[in-house]
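The block underneath contains the structure these notes are about, expressed in structure tokens.
Coordinate-derived values only; no laboratory data. Note that the structure is predicted; figures quoted are calculated from it, not measured. Glycine gets a Cβ as well: all are built from the backbone with ideal geometry, and neighbour counts include every protein chain shown.
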Amino acid sequence: MRRISALAVAFMAAALLAGCGDKTAYIDGERIAAADERPGDWIAHGRTYGEQRFSPLEKINVSTVKDLGLAWSFDLPENRGIEATPLVVDGVMYTTSSWSIVRAFNAKTGELIWEHDPQVPRKTGVKACCDSVNRGVALWKGRVYFGALDGRLISLDAKTGKVVWSVVTVDQSKPYTITGAPRIIKGKVMIGNGGAELGVRGYLSAYDADSGKMLWRFYTVPGEKAVDGAASDEAMKLARPTWNGKFWEVGGGGTVWDSMAYDPELDLLYIGVGNGSPWNRDIRSPGGGDNLFLSSVVALKPDTGAYVWHYQTTPGESWDYTATQHIVLADITIGGKPRKVLLQAPKNGFFYVIDRVTGKLISAKNYVPISWATHVDTVTGRPVETANARYEKGMALAMPGPLGGHNWMPMAFSPKTGLVYIPAQEIPFPYMQPGGANANFRYKPGAWNIGIDTVVAGLPDDEAALKAVRASLKGRLIAWDPVTQTEKWSVPYSGPWNGGLLATAGGLVFQGNATGEFAAFDAATGKKAWAFDTQTGIVAPPMTYEIDGEQYVALMAGWGGGFAVSAGAGVDPRSEGPRRLLVFKLGAKKALPARPVSTREMPTLPPVTATPQQIAAGAASYAGLCSICHGASGVSEFSIPDLRYSAVTTSADAFKGVVIDGDRVDAGMVSFAKFLTPAQAEEVRQYLLSLSHGQKARMAAAKGAK
Ligand code: CA
């Protein structure tokens, strides 16, 4: 690494001579590879190409953290999930909000320098399985790069925020979205996409950072044609025999929607590949098969997109067990030998230690309770599944569920403690085949196509059953030893869906949680060393930087994402709050504005006029089409309307106007006339009205009890 370091130093000297004014955010691969030489900056998504999310900064440490306070904050006008990691270089912070809006701030003062709104059509929101979120930007040679929800990849001038180029990376007639942060390697901008729940074929593309020209595309699953003229053509010869039937009709899935990492010495790009489309393999690939490269980590050559190796975590995946979770590269000693490893805790509940040179499994152990497999056979590298894991003989209440033992929220690895810090969770889920012999599955372009029984998968309507479900939902910060594959310590939370991690040389790990608490823990013991009430639920990971000798810790706060929007009934009410960017430093004492008070008024409700059969039909339509945004069993989290409290639900005309005629398309609610007749929409309304009456009665009872 000395050669790279020397080059970086030479470059910095050249940059100084050239005048820094022309070199705003002048990042290149050598500078990212030498990130540790300028630890005050945070110039790539996971700070380094190896994505450890470990900072060498140590002024904020176990002894000083008690003096950490708010230096500045910025309240975001957007009201959806906030998932970005801010980047900081040369005193400027670049970050994103929901609807792919990008902002640049003076990282010391919080002054807004520029803002870029790519004007994502709000109707794109229904293509996003898991909220209209964005996980951040990439920087390269004076430009800022980000993916917009509607599938565009956009390059901005880092100084002004003006568009340099913009390209469409997806077929926008299909339900593709981009929520992940691009990564840039040797002048090539790597970007994937999401949409496997709705029915797409996953891929990663590389674009020229300078011109926006597409250089190569790697499909992760086969298509109808044997050859696509893509970088993946050779790899698809390996993948195609592992599939059966007409899988391409529902896309096949395998979207690359989040994780990537890069090893400059091996010159290998690692990508995490998502779940099948539909989830249910019996429908997707009748007769079975591993369905490569679903749920796999794939190593590619970044220059050409050529396949090098893969490791499949969940062969023939049937549970939405993506392997898109954060990938960490580390050099650790196992059995007395130094090993170059790749670490991942994907949704399926196993923690994997993989040799990143060869792709061979070193070890795997479950980091949360699991029901679908007993263990991973280290000789074959394959999981050993339990009976009825694939719900072939009836409903299987599985752990983990589709939200995973760990979702997109990044882990962190500290080379000082040798531990990986995992934002883990327990969210069980009932998987069941849809109707007899899959007879009821019909691909619905533009809607969810997951191939399981969505009514069974919903949350119960009665309060006692819901309470039991809530009690089964858990969240924990786990400190995991990747060498011994054991838990060193853990911190329990009130529920799942907590924030991503940051580890520092100050001996601390930072994490925000669903209740709005942002805390620092002793990295060695898990003892809480500091906490701050952000007044809003947190899913994003913190980051840290230094300016003029002072260390700062930054965090984007504001809840959202898959669990938040789809399972309102399981949500901690403390997660409701403003969306904001918070920056902390030692000795600062700024206070946040007073906590906003939220009130929900029940409109005057007309009586329910439908028959029980019609209400049941409405409930089934709602579960299949509406629940993924408005919440299972009609209980929404707060950023998408809770239809039990909606005045629209009280009027047949207004409801038809929104659901059939598309009256609220500008707010993101598209017409569902493709899927529902006006009579079926009315059944949905009657079902929601019945829920409103139930909720009104509960509110009255709660008031009476006070
Ligand atoms: Ca998925």
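What separates the Cα centres of region 518-554 and region 635-683 is a distance of 40 Å.
Please tell me which of these pairs span more than 19 angstrom C-alpha to C-alpha: 488/527; 23/162; 237/340; 66/527; 123/444? Mind dumping the intermediate values first?
Working: 488/527 12 Å; 23/162 16 Å; 237/340 29 Å; 66/527 13 Å; 123/444 17 Å.
Exceeds cut-off: 237/340.
Under a 5 Å amide H cut-off, with hydrogens placed 1.01 Å from N, residue 377 pairs with 382, 384 among residues at least 5 apart or on other chains. Averaging Cα coordinates gives a centre for region 256-321 and one for region 338-381; these two points are 14 Å apart.
Stokes-Einstein D for region 406-561 at 25 °C, 0.890 mPa s, Kirkwood Rh over Cα pairs, in µm²/s? Write out the running numbers ahead of the final one.
On the way: Rh = 17.8 Å.
Answer from the Stokes-Einstein relation: 138 µm²/s.
Using a simple spin-label model with pseudo-atoms 7 Å out from Cα toward Cβ, residue 470 and residue 333 lie 5.0 nm apart.
Between residue 225 and residue 598, the simple spin-label model (points 7 angstrom out along Cα→Cβ) gives 4.8 nm. Overall shape of region 109-239 was characterised from the C-alpha gyration tensor. The equivalent ellipsoid obtained from it has semi-axes of 27, 19, 11 Å, in decreasing order.
Sum up the charges of everything whose Cβ sits under 15 Å from the Cβ of residue 495, counting Lys and Arg as +1 and Asp and Glu as -1, but leave residue 495 out. All intermediate terms of the calculation are to be shown ahead of the outcome.
Numbers: positive: 467, 470, 474, 476, 574; negative: 426, 517, 572, 576, 637.
Once positives and negatives cancel, what remains is 0.
The alpha-carbon atoms of the chain, seen along their principal axes, cover 78, 60, 48 angstrom, with the largest extent given first. Each Lys and Arg adds +1 at its Cβ and each Asp and Glu adds -1 at its Cβ; summed about the Cα centre, the chain shows a dipole of about 400 debye. Of the peptides 503-515, 455-467, 585-597, 243-255, the ranking by mean beta-carbon count within 10 Å, highest at the top, reads 503-515, 243-255, 455-467, 585-597. Only helices reaching 18 angstrom along their own axis (Cα) with mean Kyte-Doolittle hydropathy no lower than 1.0 count here, and for the DSSP H runs of the chain these are 2-18. Over the Cα atoms of region 77-167, each weighted equally, I'd like the Debye log10 I(q)/I(0) at q = 0.14, 0.20 Å⁻¹, rounded to two decimals. Per q value, in the given order, log10 I(q)/I(0) is -0.45, -0.91. Restricting the trypsin sites (Lys or Arg not before Pro) of region 617-691 to loop positions (DSSP other than H, G, I, E, B) with no more than 13 neighbouring Cβ atoms within 10 Å leaves 674. The slack in the chain from residue 70 to residue 699, taken as 0.36 nm per residue of separation less the alpha-carbon distance, amounts to 222.7 nm.
A Förster radius of 45 Å combined with the Cβ-Cβ distance from residue 265 to residue 63 puts the calculated FRET efficiency at roughly 0.80.
Dividing the radius of gyration of the alpha carbons in region 612-705 by their Kirkwood radius gives 0.98 for Rg/Rh.
Per residue, the average separation of C-alpha pairs within less than 8 Å and at least 6 apart gives the chain a relative contact order of 13 percent.
For the chain, the mean residue ellipticity at 222 nm estimated from helices alone is -4000 deg cm²/dmol, where every DSSP H run of n ≥ 4 contributes -39500 (n - 2.57) and the total is divided by all residues, rounded to the nearest 500.
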